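One structure below.
The values are calculated or read from the model by the stated rules, or taken from the named source; none is laboratory data. Values in this document were obtained by computation on a predicted structure and should not be read as measured data. No Cβ is skipped: glycine too gets one built from the backbone with ideal geometry, and neighbour counts run over all protein chains shown.
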Amino acid sequence: MIAFRKGLAGLALLAAFAGPALAAGIPGAPAPFDKGGVRVALVSYLSQGDYFEAYEAGVARQAKALGIDLRIFQGKQDAAQQREQIEQAISLGVSGIIVSHGQPEALKDVIQKALDAGIKVVVKDVDIGNPKVPLISQSDHDIAEQALGQALKDNGKSFPAGYVFVAGFRPLELRGEVWATVKKANPGIVEKAQWGAVDSNTATTVANQTAAALRANPDIKVVFAPYDEFARGVKLGATEAGVADKIKIYSADVSTSDILDIREPGSPWVATSATNPAVVGEVSLRALALLIAGQDPGKVIEVKPFLITQADLIKNDIKKIGDLDAKLPGFGHSDQATAPWLQGPANTQ
């Protein structure tokens, strides 16, 4: 797996309309991939954080394998800017656009404008309710069920809890549905406090909120933080509040830096459920390629998650995403959105 964080962002940016690796086209592929020169865009609402950098890198890596010219518009958590970026992609004359996250009501009309221009569109983790636009996602219900199942296994069915949540993001909304179901089925779980933020420095903001919440509610034993930037912030905030040894954090998503945080001696972050974000990026690009070729990738394409525990990471000496690829069969690749002519990246390391 390519290194995370800044290195991934740099790789993705370098992929912006770079010269295609297969300028002459893919032998045996349907049009327009038989001739080459296909141009597509990735327009993101969120780009900061390990998950999103890895996702972008996966899109870029798959684009390179297919000889696609890729333009990446990195998100700034700004709905108006994301709309403008989609408009720019339309003006560039791309054949397809991946829209990653965002606010559905801010996207529906501009995505329709792209469709009206003959541009194919897939969306990642934002449901705009358009049957012509495939939805790429992780199985967010499964993610929450795996993480919370481990929380119940570790802590029983009765404990005071904290919950990190921000409305308006489809993955968090879906994971929140499972949290509500688990609480209803286990009335001994008492949600003492809820907090959360998604901004330009999510982990730091959540850390400050966490410190305040844990000082105000010192009896909290479990925190469900269903996004790795949330979990990183909770870990930092718990340390600041001096209670890192008194809570356990259960999260979603994973990166190399997350693995190091979870493995850290005395870390309260004990489990996460995740897909490989780079693999989800590859699936997104392949789904778009199938659409452009006139083939059907499916209406909803979900990538299977895996439960990753602190104990398993230590026991199996897993220190980076590449180790997960090697030791969790299926984590490093997905057979979603494939076809005989669609070649994947040379490797996923």
_Subset of the range 56-89 (residues that are within 29 Å of Ala197 (Cα to Cα) and either part of a strand (DSSP E or B) or outside the structural domain of Tyr45 (by TED's automatic domain parsing) (or both))_ = Arg71, Ile72, Phe73
*Return only the number of the condition from (1) in contact with a Leu (Cβ under 9 Å, 6 or more places away or on another chain); (2) within 30 Å of Ala241 (Cβ to Cβ); (3) buried (at least 24 other Cβ atoms within 10 Å of the Cβ); (4) at pLDDT below 95 that Lys320 does not satisfy.*
(3)
*Would it be correct to say that Ala278 is farther than 18 Å from Ser255 by Cβ and part of a helix (DSSP H, G or I)?*
no
*In this structure, is Gly237 surrounded by 23 or more Cβ atoms within 10 Å (Cβ to Cβ), of a type in the set (Gly, Ala, Ser) and either under 25 Å from Tyr45 (Cα atoms) or touching a helix residue (DSSP H, G or I) at 6+ places or on another chain (Cβ under 7 Å) (or both)?*
yes
*Given the conditions (1) among the polar types (S, T, N, Q); (2) assigned to a loop (DSSP other than H, G, I, E, B); (3) modelled with pLDDT of 95 or more, report the number of the one that Thr205 does not fulfil.*
(2)
_Subset of the range 155-182 [farther than 27 Å from Ala287 by Cβ and in contact with a Ser or Thr (Cβ under 9 Å, 6 or more places away or on another chain)]_ = Gly162, Val164
*Which one is nearest to Trp179 (Cα to Cα), of the residues in the range 225-250 that are hydrophobic (A, V, I, L, M, F, W, C) and in a loop (DSSP other than H, G, I, E, B)?*
Ile247
*Determine whether Lys221 is over 19 Å from the mean Cα position of the chain (by Cα) and within 30 Å of Asp323 (Cα to Cα).*
no
